[in-house]
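What follows is one structure encoded as structure tokens, with my remarks underneath.
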There are 2 protein chains.
Amino acid sequence: MNSQFKKGILELLVLNILKRNDCYGYEIVNRISESISISEGTIYPLMRRLKGDGYVTTYLAESTEGPPRKYYHLSASGIEEHNRLKEEWDIFFERVNILLGEES
Amino acid sequence: MNSQFKKGILELLVLNILKRNDCYGYEIVNRISESISISEGTIYPLMRRLKGDGYVTTYLAESTEGPPRKYYHLSASGIEEHNRLKEEWDIFFERVNILLGEES
DNA sequence: TTTAGTACCTTGCATAACAAGATACTGTGT
DNA sequence: ACACAGTATCTTGTTATGCAAGGTACTAAA
């Protein structure tokens, strides 16, 4: 998997997941990994960035299966960021595909 | 324009342009810029990389409108690289769009 | 001669994904 | 009791690549 392609888009994927319901980091890694290979070393720093930017809030919850989980909750500005990023992505990949599709 | 989105895909866009016909750097910048903002400081180092990897060959040609132009020609392995990258991109954005499309 | 357009290039910076490892809890098998 | 797999958090250092900001130099028009 070309890791360059993922630059920027992983943030949108994470925000998209959190839009549905609160998740903890390990869960996010596993969900995205079903489609796109991703490592924990990518997600945890990303989550910290999202929190620093105010796009998510966090809370801890006990787990019966291991150590406590840190859940992430999408804030109002996180929803805005999601919408903004989604729009940018839609425009971007549409333009790329037009460029790629122009007849040879 | 989110510059992170462009990571990796610009190589594919350049190879795609060169698949049709030989181009010089300044021309490539202008062609891509019609759809996606891009700077010369991105393209020239990229072209050097592509040449270093054997994906393109170069030749100089006079111009009546300014200094000599350095044309880039796609090699056989450049065509292979294009096909490989195109396939990766198709799979990647399909998966991203599936993830983004899952109902909330 | 000054400016705009064409055309090449480099340096240093910022961003973000990754590999590799550290830490620690729970449950299962021996 | 001990080892191991699975769960769950995190950090450090490396790598890739796009960009801003500059430099050089040619042509042609004002």
Here is a list of conditions, (1) away from DNA strand C (no atom under 11 Å from the Cβ); (2) of a type outside the set (Ser, Thr, Tyr); (3) touching an Asp or Glu at 6+ places or on another chain (Cβ under 9 Å), and residue B:13 meets all of them except one; can you say which number that is?
(3)
Quick one: count up the residues across the range B:64-104 that are part of a loop (DSSP other than H, G, I, E, B) and within 14 Å of chain A (Cβ to nearest Cβ).
3
Please go through the range B:7-46 and give me each residue that is part of a loop (DSSP other than H, G, I, E, B) and within 13 Å of another protein chain (Cβ to nearest Cβ), ordered by number.
B:7, B:8, B:21, B:34, B:35, B:36, B:37, B:38
For residue B:94, state whether it is charged (D, E, K, R) and more than 15 Å from DNA strand D (Cβ to nearest atom).
yes
Touching a residue at least 24 places away in the same chain (Cβ under 8 Å) and open to solvent by less than 70 Å² (accessible area, probe 1.4 Å), is that true of residue B:55?
yes
Going by what's in this entry, would residue B:60 be described as aliphatic (A, V, I, L, M), open to solvent by 80 Å² or more (accessible area, probe 1.4 Å) and within 13 Å of DNA strand C (Cβ to nearest atom)?
yes
Output the number of residues of the range A:26-52 satisfying the condition of being open to solvent by 80 Å² or more (accessible area, probe 1.4 Å) and touching a residue at least 40 places away in the same chain (Cβ under 8 Å).
1
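The values are calculated or read from the model by the stated rules, or taken from the named source; none is laboratory data. Everything numeric here is computed off the predicted structure, so don't read it as measured data. Reconstructed Cβ throughout: ideal geometry from the backbone, glycine too, with neighbour counts over all protein chains shown. Side chains are part of the model used for accessible areas, which takes the heavy atoms of the whole protein and leaves out ligands, DNA and RNA. Shrake-Rupley method; radii C 1.70, N 1.55, O 1.52, S 1.80 Å.
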